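The structure appears right after this line, and notes come after that.
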Amino acid sequence: MWTVAQDNLILLVVAVLIGLAVALWAFRKSGSRADLTSDRRSDGPEGNGLQDEFAAAAQDVAGEILGVDAHPSVPGPSGPPDNLRLLKGVGPKMVAQLNEFGITRFDQLAGLTETEVALLDKRMGAFEGRIARDRLVEQSCYLQRDDKDGFEAKFGKLGG
Amino acid sequence: MPRVHKAIIGLLLTLVAAWAWHGPLGHGERLIDRLQRQAEQKVAGTELTGIGVRFSRDPLARTVTLSGSANDLQREGLGSQMGVSDHVRAVDGVSEVRWADEPDAGRRIVPLLLETSASAALAYLIGLGLGWLLWGRRRREGFA
C-alpha cells in the first residue's frame, strides 16, 4: 500500500493543495474585515478615501483653531431608537451620554468616521475614549445589519 | 455560493485530477506494469515453470491472478516454506493473489481508479480540514 501512496504522492499533494485553496475560498472571506469596512464606509459621510481623510483632518484642525464645532452634529436618527445596551461595554449611563449627542441608533454609530469617533470620545466625560476602546462602531456595524451571529462570533454573546 | 457547494466543487476537481492522473497521464498503467514485472521476478525465483502472472487490466487493479499446474504445496507453501502465492503477495503494492482455477478467481476486484480516487479525496479532506483550522474557525475577540 505504501508503494501506491508513494506512486501517487504528487497527486496527493495536489489534492491537499486543492483542499487548502477551497478552504481559503470558502472560509476566509466571511471572517475578513473587508466587508465590515466597506459597509461602514458606505454609510459614513466622509473617510471614503485618503482625500476625504485629509479633508476631515483639515476640517478638525480648522475647527480647533477657530474655536467652532467643525463637526456640528452626528447625522440624526433615521427611525426609532435602538437598544444601545446591546453593545458590549455600554451601560445605561453611557447610553444616556450617547443620547445627549443625539445618538440613539446603531446606524448612527456605525456611520461615524475615525475623526468623529475621536471628537466624540473627547466629550464623553467619564466614558472618554470608550467609543474607540470598546469598538462601538464595529459592534454597531453588525447590529445595524441585524447580524447577531457575526456579532457574537466576534465579540461574544449579546448583552442587554 | 454556499460553502457546501464550494467544498463539492473542490471534491469534484480532485476526483477529475485523480482520474487524469490514473488514466490519461498513465500512472495507473505504469504502476501495474511495475507490479507485474516484480511479481514475474518473484515467480521466476521459485524456479517453478509454467506459472502465469496476470494483473487485472480492465479495470486496472492490484489484484494478480496466477495460473499454471502448481500443486497446493507449491502454491501456498508449508510452515515457514513460502509458496508461490506468498512470494507474489510479498511484492509491495500487490493487494490480492488468486489462482485462475480456484473458485474465488471470479470474485469482484477493487479497481485501482477507485483506490486512487479515494486516497485523493482523503487528501483533499485533510487539506480542507487544515484550511478550516487556518481560516475557518471563528475567533472571539475581547468581551469574552
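Karplus-derived 3J(HN,Hα) values for the range B:31-36, using 6.51 cos²θ - 1.76 cosθ + 1.60 with θ = phi - 60°, are 4, 5, 4, 5, 4, 4 Hz; glycine and proline are entered as x. A straight line joining the Cα centroids of the range B:1-48 and the range B:62-127 runs 16 Å. When the Cα atoms of the range B:1-55 are aligned to their principal axes, the ranges along those axes come out at 63, 18, 12 Å in descending order.
The spread of Cα positions in the range B:18-104, taken along each principal axis and listed from longest to shortest, comes to 43, 25, 21 Å. Using just its DSSP H runs of length 4 or more, each adding -39500 (n - 2.57), chain B gives a mean residue ellipticity at 222 nm of -15500 deg cm²/dmol after division by all residues. Over all other residues within a Cβ to Cβ distance under 14 Å of residue A:126, the charged ones net out to +1, with Lys and Arg as +1 and Asp and Glu as -1.
Largest first, the extents of the alpha carbon coordinates of the range A:116-159 on the three principal axes equal 32, 17, 12 Å. Peptide B:6-14 has a mean shielding of 5, counted as Cβ atoms of other protein chains within 10 Å of each residue's Cβ. Amide H contacts for residue B:56 (H built 1.01 Å from N in the peptide plane; partners 5 or more residues away or on another chain; cut-off under 5 Å): B:61, B:63, B:65. Largest GNM mean-square fluctuation across B:95, B:69, B:80, computed for chain B with C-alpha springs under 10 Å, falls on B:80. Along the range B:101-108 the Karplus relation, 6.51 cos²θ - 1.76 cosθ + 1.60 evaluated at θ = phi - 60°, assigns HN-Hα couplings of 9, 9, x, 7, 4, x, 5, 5 Hz to successive residues, with x for each Gly and Pro.
When you restrict to C-alpha pairs under 8 Å that are six or more residues apart and normalise by the size of chain B, the relative contact order lands at 24 percent.
Bear in mind that the values in this text are calculations on the coordinates, not laboratory data. Quick caveat, the model's predicted, so the values are computed rather than measured. Cβ: placed from backbone, ideal geometry, glycine included. Neighbour counts: every protein chain shown.
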